[in-house]
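Input: a single structure, listed below in structure tokens.
The values are calculated or read from the model by the stated rules, or taken from the named source; none is laboratory data. What you see is a predicted model; the values in this text were computed from it and never measured. Backbone-built Cβ (ideal geometry, glycine too); neighbour counts: all protein chains shown.
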């Protein structure tokens, strides 16, 4: 029977609690932040899906400090490159002893902050806990890096994931987070809760979101399982708290369409582009027109600072030349140069920053900037994260985003809007379903007197 019980235990969907009662709950946490930290500390291995500006950094620092005080061990905080120094500044602000390290050395601080690309310098045996900040970017890494992060965390008793875009395009992306916190693996989650919508032939096709749908009979069990190891929140009222101080300012999105001044090779007149290949050709063919439009918008803007998002190196180079005083951060630059440019923009020494969403689109708090220009792509997550660097809780001014595209890429813009609508609906449903699953129905005792049969 013992073997049978072990078999049944291996099939249990809900995770157990690996954590402990919080030791430190500082006063600087808001009510909803305190609730999330206390829950995550009791779980030990958890994920917090909180929207931009809700204070994921102080929450993860307090969680890490609790692990340090409980175990006297070390905690590693993984962040995007652009966020490491910012996290250290936040730690100083909140009185948490945490230091940035990029070479694997262990200093006096028990909380070490580094970027994902430097993980190979660290030995998991030196840590008892790990925080993955902006954890949704794990799926953007190559397979080796993603596997290394998952393997590093697999051996640790305490793990925390924090991100605003847990599953920007489809529920199946929750599998990445599940695997990292020690729940079901990605493939195991698919086989247990999902079904294929049609026959596929390649591995890439099989893992596209539209190929998988939640089984009708498994919907309740799926969300019950998800809320056993994660919490999702877009505003404090999602957890029963007041939204005072957490109201977003207006967001204005302006669309600018440029016309190509050159024809495609072999064409007598322009035609709408079809497919990803032609869209990429269109993007390269209209670099000059789009960059000149974006530069003109920035020059005419009355805002003190601007962010110009691009996707191609040629776009970034041209924008830097066209905009007076602009500083570009590109992939070819050293980590030191990138960090210096981000710090200069944060402090106001640089007024116009030119960079890619893949480089600086995650985690940065740039509430001081209320104007952006953006060249659209099919990636909704890049769009959402880039815009939310400025449009976030804490921003005081109206945020203006000028989207510059060409006639041939209008379908890209429409696809982006479709993904925006779908993501909004999905996150709203995620919050609603998780809250429904967490409700405990209590039947109050009415105090009615028992009726005794006459024959007794």
Quiz item: Scanning segment 330-345 for residues that are touching a helix residue (DSSP H, G or I) at 6+ places or on another chain (Cβ under 9 Å) and surrounded by fewer than 21 Cβ atoms within 10 Å (Cβ to Cβ), which turns out modelled with the lowest pLDDT?
Solution: 335
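Return the total of residues in segment 101-117 being farther than 17 Å from residue 360 by Cα and surrounded by fewer than 20 Cβ atoms within 10 Å (Cβ to Cβ). Outline the logic, then answer.
Within segment 101-117, the subset farther than 17 Å from residue 360 by Cα is 101-113.
With surrounded by fewer than 20 Cβ atoms within 10 Å (Cβ to Cβ) added as a condition, the list becomes 101-109.
Qualifying residue count, segment 101-117: 9.
Might you let me know whether segment 400-409 holds any residue that is under 21 Å from residue 361 (Cβ atoms), within 21 Å of the chain's Cα centre (by Cα) and at pLDDT below 85?
First, the residues of segment 400-409 that are under 21 Å from residue 361 (Cβ atoms): 400-405, 409.
Now narrow it down to the ones that are within 21 Å of the chain's Cα centre (by Cα): 401.
With at pLDDT below 85 added as a condition, the list becomes none.
Looking through segment 400-409, none of the residues is under 21 Å from residue 361 (Cβ atoms), within 21 Å of the chain's Cα centre (by Cα) and at pLDDT below 85.
Quick check, is residue 344 over 27 Å from residue 282 (Cβ atoms) and either outside the structural domain of residue 277 (by TED's automatic domain parsing) or part of a helix (DSSP H, G or I) (or both)?
Numbers: over 27 Å from residue 282 (Cβ atoms): yes; either outside the structural domain of residue 277 (by TED's automatic domain parsing) or part of a helix (DSSP H, G or I) (or both): yes.
So residue 344 fits the description; yes.
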Quiz item: In this structure, does residue 297 turn out to be modelled with pLDDT of 95 or more, outside the structural domain of residue 44 (by TED's automatic domain parsing) and assigned to a helix (DSSP H, G or I)?
Solution: yes
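Within segment 367-376, which residues are assigned to a loop (DSSP other than H, G, I, E, B) and out of contact with any helix residue (DSSP H, G or I) (no Cβ under 7 Å at 6 or more places or on another chain)? Can you show your working first?
Our first condition is that a residue be assigned to a loop (DSSP other than H, G, I, E, B); within segment 367-376, this holds for 367-370, 375-376.
Residues satisfying the conditions are 367, 368, 369, 370.
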Practice problem: Can you confirm whether segment 250-260 contains a residue that is modelled with pLDDT of 80 or more, surrounded by 12 or more Cβ atoms within 10 Å (Cβ to Cβ) and under 21 Å from the mean Cα position of the chain (by Cα)? | Solution: yes
Quiz prompt | Matching residues in segment 347-366 - criterion: being out of contact with any helix residue (DSSP H, G or I) (no Cβ under 6 Å at 6 or more places or on another chain) and in a helix (DSSP H, G or I) | solution = 347, 358, 359
Quiz item: Listed residues 399, 404; which is crowded, with 18+ Cβ neighbours inside 10 Å and farther than 21 Å from residue 243 by Cα?
Solution: 404
Quiz item: Taking into account only those residues within segment 41-66 that are part of a helix (DSSP H, G or I) and touching a helix residue (DSSP H, G or I) at 6+ places or on another chain (Cβ under 8 Å), which is farthest from residue 424 (Cα to Cα)?
Solution: 66
Exercise. Considering (1) touching a strand residue (DSSP E or B) at 6+ places or on another chain (Cβ under 9 Å); (2) loosely packed, with under 15 Cβ neighbours inside 10 Å, say which one residue 373 fails and leave the rest.
Key: (2)
